[in-house]
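Colleague: So that we are looking at the same thing, I have put the structure below in structure tokens.
The values are calculated or read from the model by the stated rules, or taken from the named source; none is laboratory data. For clarity, every value in this text was computed on a predicted model and none was experimentally measured. In this analysis, Cβ positions are derived from the backbone assuming ideal geometry, glycine residues included, and neighbour counts consider all displayed protein chains.
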Amino acid sequence: MTDEQTRDSAFVSDVKRQERSSELRWRITFWLASGAAALLLLFSFFPSEESVLKLVGLLPEESQENARLWVIDHFWSEMTADPQCVDSGGRCGPEMERIFSFLSHPYPSMLVFMRGGIRITVLVTVSAFILTLVVGLFGGLGRLSKSKIVFGISTFYVEIVRGIPLLVQLIWWYFAFPVMIQRTIWPSYQANPVAMSILGLVFCYGAYMSEIYRAGIQSIPKGQMEAALSLGMSRFQALRHIIVPQAIRVILPPMGNEFIALLKDSSLVSAVAVVDLTRRGREYMAAHFNPIEVWVLVAILYLIMTIFSARIVALIERKTRTS
């Protein structure tokens, strides 16, 4: 073997070693993030005392009292921000001490108090993102439409929404939009904070997603559309079966980035009476004046969710590239 062949062999071996090391690091971070997120979701969606007591109310009256006492002894309450819960010997102390004994005071009681906020954050983010995909698709197709009316409406929507801060939009949807409904068609209408927050997030992020769809569709060569039309397909069939499936691969990375941005921006819904993770943190801090512990924990919980989301997006990209 010549010196040149030896160098080439060493180079190839070094590249393969680096690829194996990179793959191992990726797998370790993926499973760590997945495990942490799974534990967090399991803990957050585990029934609370308040939710189980609602079911107890459906039982016959003679059975309710015993059932209530059993529920109070076995389920955690999310309605108190008392940081002395672990040390006071109260009903939530034994369970929390057993599961969170490795954490220092007051993190166990903070976790229990904030888990309802984690649920709301997850539900708002996932619901808003699913609807955003639909709104963004129609907006993106509208931006590519040959109809001047459809193109004009889509462009007006995208340009206006992208120029207004998200917080201002959320406040408008929660405070101004219900007043418009009350003054026009529904005098007794009362806004639901979660529904209005999801609507505001979808309305805002739909504009950004429209541009992502538009860019992805335009990245596909025009010859493919022309070939589909020449084969007798309608424009809609060509988009559905040929253009959009190819565009999805292109737009997966920015779509994933939008989901992560949406997850972080969901903290703004706390400004419109939604009891999400950020709102729970503010309530706990206001009650007990411990901003360092509260916001360190809130930041860690958001970090777990965003890292897990980023790893899921990376996994989808890898599967798409290899398929």
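Colleague: Only residues in the stretch 103-121 that are outside the structural domain of Ser51 (by TED's automatic domain parsing) and at negative phi count as the first member; pair them with residues that are crowded, with 20+ Cβ neighbours inside 10 Å and of a type in the set (Lys, Arg), Cβ under 8 angstrom, at least 6 apart or cross-chain, and list the lot.
Modeller: Matching pairs, first to second residue: Phe113/Arg280; Met114/Arg280; Gly116/Arg280; Gly117/Arg279; Gly117/Arg280.
Colleague: Here is a check on your reading of the model: is Asp276 under 15 Å from the mean Cα position of the chain (by Cα), of a type in the set (D, E, K, R) and buried (at least 21 other Cβ atoms within 10 Å of the Cβ)?
Modeller: Numbers: under 15 Å from the mean Cα position of the chain (by Cα): yes; of a type in the set (D, E, K, R): yes; buried (at least 21 other Cβ atoms within 10 Å of the Cβ): yes.
Taking the combined requirement at face value, the residue satisfies it.
Colleague: Ok, one more. Got a sec? Which of Met209, Met233, Met225, Met196 is assigned to a loop (DSSP other than H, G, I, E, B), assigned by TED's automatic domain parsing to the domain that holds Phe138 and not hydroxyl-bearing (Ser, Thr, Tyr)?
Modeller: Details: Met209 fails: assigned to a loop (DSSP other than H, G, I, E, B); Met225 fails: assigned to a loop (DSSP other than H, G, I, E, B); Met196 fails: assigned to a loop (DSSP other than H, G, I, E, B).
Going through Met209, Met233, Met225, Met196 in turn, the sole match is Met233.
Colleague: Could you list all residues from the stretch 224-240 that are surrounded by 12 or more Cβ atoms within 10 Å (Cβ to Cβ), of a type outside the set (A, V, I, L, M) and over 16 Å from Gly140 (Cα atoms)?
Modeller: Within the stretch 224-240, the subset surrounded by 12 or more Cβ atoms within 10 Å (Cβ to Cβ) is 224-225, 227-229, 233, 235, 237-240.
If we keep only those that are of a type outside the set (A, V, I, L, M) as well, we get 224, 235, 237, 240.
Answer for the stretch 224-240, where residues must be surrounded by 12 or more Cβ atoms within 10 Å (Cβ to Cβ), of a type outside the set (A, V, I, L, M) and over 16 Å from Gly140 (Cα atoms): Gln224, Gln237.
Colleague: Oh, and also: With respect to the numbered conditions (1) assigned to a helix (DSSP H, G or I); (2) in contact with a Phe, Trp or Tyr (Cβ under 7 Å, 6 or more places away or on another chain), which one is the sole condition not fulfilled by Ala176?
Modeller: (2)
Colleague: Could you give me the residue pairs with C-beta distances under 6 Å whose first residue belongs to the stretch 124-142 and is under 15 Å from Phe156 (Cβ atoms) and touching a residue at least 60 places away in the same chain (Cβ under 8 Å), whose second residue is assigned to a helix (DSSP H, G or I) and of a type in the set (Val, Ile, Thr) wherever it lies, and which are 6+ apart or on separate chains?
Modeller: Within 6 Å, the pairs are Val135/Val202; Gly142/Val150.
Colleague: So how many residues does the stretch 295-315 have that are crowded, with 19+ Cβ neighbours inside 10 Å and either among the small types (Gly, Ala, Ser) or in contact with a Cys (Cβ under 9 Å, 6 or more places away or on another chain) (or both)?
Modeller: Of the residues in the stretch 295-315, 1 are crowded, with 19+ Cβ neighbours inside 10 Å and either among the small types (Gly, Ala, Ser) or in contact with a Cys (Cβ under 9 Å, 6 or more places away or on another chain) (or both).
Colleague: Which of the residues that make up the stretch 138-165 are surrounded by fewer than 18 Cβ atoms within 10 Å (Cβ to Cβ) and in a helix (DSSP H, G or I)? Before the answer, list the steps.
Modeller: Taking the stretch 138-165 first, the residues surrounded by fewer than 18 Cβ atoms within 10 Å (Cβ to Cβ) are 138, 144-153, 155-156, 159-160, 162-165.
Hits for the stretch 138-165 are Phe138, Lys148, Ile149, Val150, Phe151, Gly152, Ile153, Thr155, Phe156, Glu159, Ile160, Arg162.
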